[in-house]
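Each remark here refers to the structure printed beneath this line.
The values are calculated or read from the model by the stated rules, or taken from the named source; none is laboratory data. Source: prediction; values computed, not measured. A quick note on method: Cβ atoms are made from the backbone with ideal geometry, for glycine too, and the neighbour counts reach across all protein chains shown.
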Amino acid sequence: MNAVPTPKTPLVTMIGGGQLARMTHQAAIALGQTLRVLAVTPDDPAAQVTPDVVIGSHTDLDALRRAAEGADAFTFDHEHVPTDLLEKLIAEGVNVAPPPQALVHAQDKLVMRRKLADIGAPIPRYAEVSAAAEIDAFAGGRPVVVKTARGGYDGRGVLIANDLGEARDFASRNLAAGIPVLVEEQVAMRRELAALVARSPFGQGAAWPVVETVQRDGICVEVVAPAPGLDDEIASAAEQLALRLAAELGVVGVLAVELFETADGALVVNELAMRPHNSGHWTMDGARTSQFEQHLRAVLDYPLGDTSPIAPVTVMANVIGGPDKPAMEMDERLHHLFGRIPDAKVHLYGKEQRPGRKIGHINIVGDDVATLRERAGRAAHWLSHAEWTDGWDGH
C-alpha cells in the first residue's frame, strides 16, 4: 500500500524567544501551524513551550540561517536583527516579514523621523545631535527629550530632561560610545494612545480600536480599549494614519503606532513597532482576532481576521515585578486571585520575577471603565506583590 502524503504544515520562524513569541506560539497551535523560535537560551519564555527551538544569537548569520531553514515566513518578536543580515537571507530566498526596508524604521529613530517628515506624518520637532552643546540651541530654554537612535525600549535609551546639563551628559555618553543621538521637543500632551493595525503582503489592512496606554517609569502598566472619551474623528484619524504608515513603509504583519494626543487635540507620532506589541495584549481576550493570530495571518498572506471588540471595554494591566519577590508562590497567588476575581484572564510569561520586569498581564472585559481599571490594577498588583491594594485579607 502506498503511503498517503502528509499535507505540509505552515512553518513560521520568529526571531526572539520572549513573551511575544510565546503568545504567538499559542496562536499558531490554534491555526494548526508550527512556530519555530530563535532563542538565546532554553529558558526563554517561548523556548519553554514550543518544541521547535534554535538556540543562538540574532546577530549570528549562521543561527539565522538555521532558524530560517524550511520556513514559509521569517518574522520577529523584537526589531534588533541587523538589516544587512536580513538582506542576505532574502537573497537566499527567505520570506522576511516585515522586510528590512520597513523594519529599519522601527530600529532607527532618526530614519523613522526623516521618513515620517517626508510623507507628512505628524511628528515632534526634532534634530540629530552630533555634539552635546547643540542641545542648548535646540531647546531654547524649553524642556526636551533626548534619545538614542537605536536599541532603546521600555524607557531605556530615552531621557525626559528638564535640566539641560543632564541632557548634555546623556548625549555625551552615548555619542562617545558611537551611538547616534537625537533631541526632540517635549510634547504638551493630554495622554498617550496607540493605533494597532496589520497589513498583509497583498496589501489588505485591518485596524483595532485605538487604545489609551499608561506609562510609569518608561514601562507600559495599563491599556484601556477603546481609549475612553476619544473623539470619533480623532480615533478615525489615528486608525487611518496607522494604516497609511503601514502601506507607505511596506509593513507586513502587525504595526503599532504609539501616539501622543496633544493638549489641543492633535495627534503626534512617538514610536513605531513592527511586531505584536504590549498595547495589543488586550486583543487576546477582548477582540475577535488577537494581534498574535493576526500577525501569523499577515506574514503567511492569509485573509486578515475581524478586529471587532467583543465587549464595550477591555482593560489590560501588566504584572510587573516589585522590589521584593513575595514569599507566596505564584500558584498560590493564582488561587487567591481566581477566588476573588474569577473573570480575570491571566497570561504569565514563564519569567523569573525581578524588580521592574514584566512577568505577565491580566485582561478584564466589561462595560464600566473605572471599575475595570481598578479591578485589573488590583489583580496585577496582587500577582506581583501578594498584597491587595484595598487591604482585603482572605484569611
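Residue-wise test of (1) under 30 Å from residue 239 (Cα atoms); (2) in a loop (DSSP other than H, G, I, E, B).
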{"site": "316", "(1), (2)": "yes, no"}
{"site": "334", "(1), (2)": "no, no"}
{"site": "377", "(1), (2)": "yes, no"}
{"site": "381", "(1), (2)": "no, no"}
{"site": "392", "(1), (2)": "no, yes"}
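Any residue in the range 223-240 that is under 30 Å from residue 142 (Cα atoms), of a type in the set (Asp, Glu) and under 16 Å from the mean Cα position of the chain (by Cα)? No, that holds for no residue.
Each residue in the range 110-143 was checked for being outside any loop (DSSP other than H, G, I, E, B), among the charged types (D, E, K, R) and at pLDDT below 95, and 3 pass. Close Cβ contacts (under 9 Å, 6 or more residues apart or on different chains) running from residues in the range 62-78 that are at positive phi to residues that are not in a loop (DSSP other than H, G, I, E, B) comprise 70/11; 70/13; 70/36.
None of 127, 131 is closer than 24 Å to residue 117 by Cα and touching a Phe, Trp or Tyr at 6+ places or on another chain (Cβ under 9 Å) except 127. Does residue 331 fit the bill of being modelled with pLDDT of 95 or more, over 14 Å from residue 219 (Cα atoms) and among the acidic types (Asp, Glu)? Against the criterion (modelled with pLDDT of 95 or more, over 14 Å from residue 219 (Cα atoms) and among the acidic types (Asp, Glu)), residue 331 qualifies. Being without any contact (Cβ under 8 Å) to a residue 60 or more places away in the chain, in contact with a Lys or Arg (Cβ under 7 Å, 6 or more places away or on another chain) and of a type in the set (D, E, K, R) is true of residue 52.
For the range 325-352, filtered to residues that are of a type in the set (D, E, K, R) and in contact (Cβ under 8 Å) with a residue 24 or more places away in the chain, the residue that is farthest from residue 379 (Cα to Cα) is 351.
Residue-by-condition table, conditions (1) assigned by TED's automatic domain parsing to the domain that holds residue 132; (2) part of a strand (DSSP E or B); (3) in contact with a helix residue (DSSP H, G or I) (Cβ under 8 Å, 6 or more places away or on another chain); (4) small (Gly, Ala, Ser):
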| position | (1), (2), (3), (4) |
| --- | --- |
| 160 | yes, yes, no, no |
| 169 | yes, no, no, no |
| 178 | yes, no, no, yes |
| 194 | no, yes, yes, yes |
| 203 | no, no, yes, yes |
| 206 | no, yes, yes, yes |
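Of all residues in the range 225-236, exactly one satisfies the criterion of being buried (at least 22 other Cβ atoms within 10 Å of the Cβ) and out of contact with any Gly (no Cβ under 7 Å at 6 or more places or on another chain), namely 227. Looking only at the range 112-143, residues that are more than 15 Å from residue 183 (Cβ to Cβ), of a type in the set (D, E, K, R) and either in contact with a strand residue (DSSP E or B) (Cβ under 7 Å, 6 or more places away or on another chain) or surrounded by fewer than 18 Cβ atoms within 10 Å (Cβ to Cβ) (or both) come to 1 in all. Exactly one residue out of 239, 261 is out of contact with any Gly (no Cβ under 7 Å at 6 or more places or on another chain), outside the structural domain of residue 322 (by TED's automatic domain parsing) and crowded, with 22+ Cβ neighbours inside 10 Å: that is 261.
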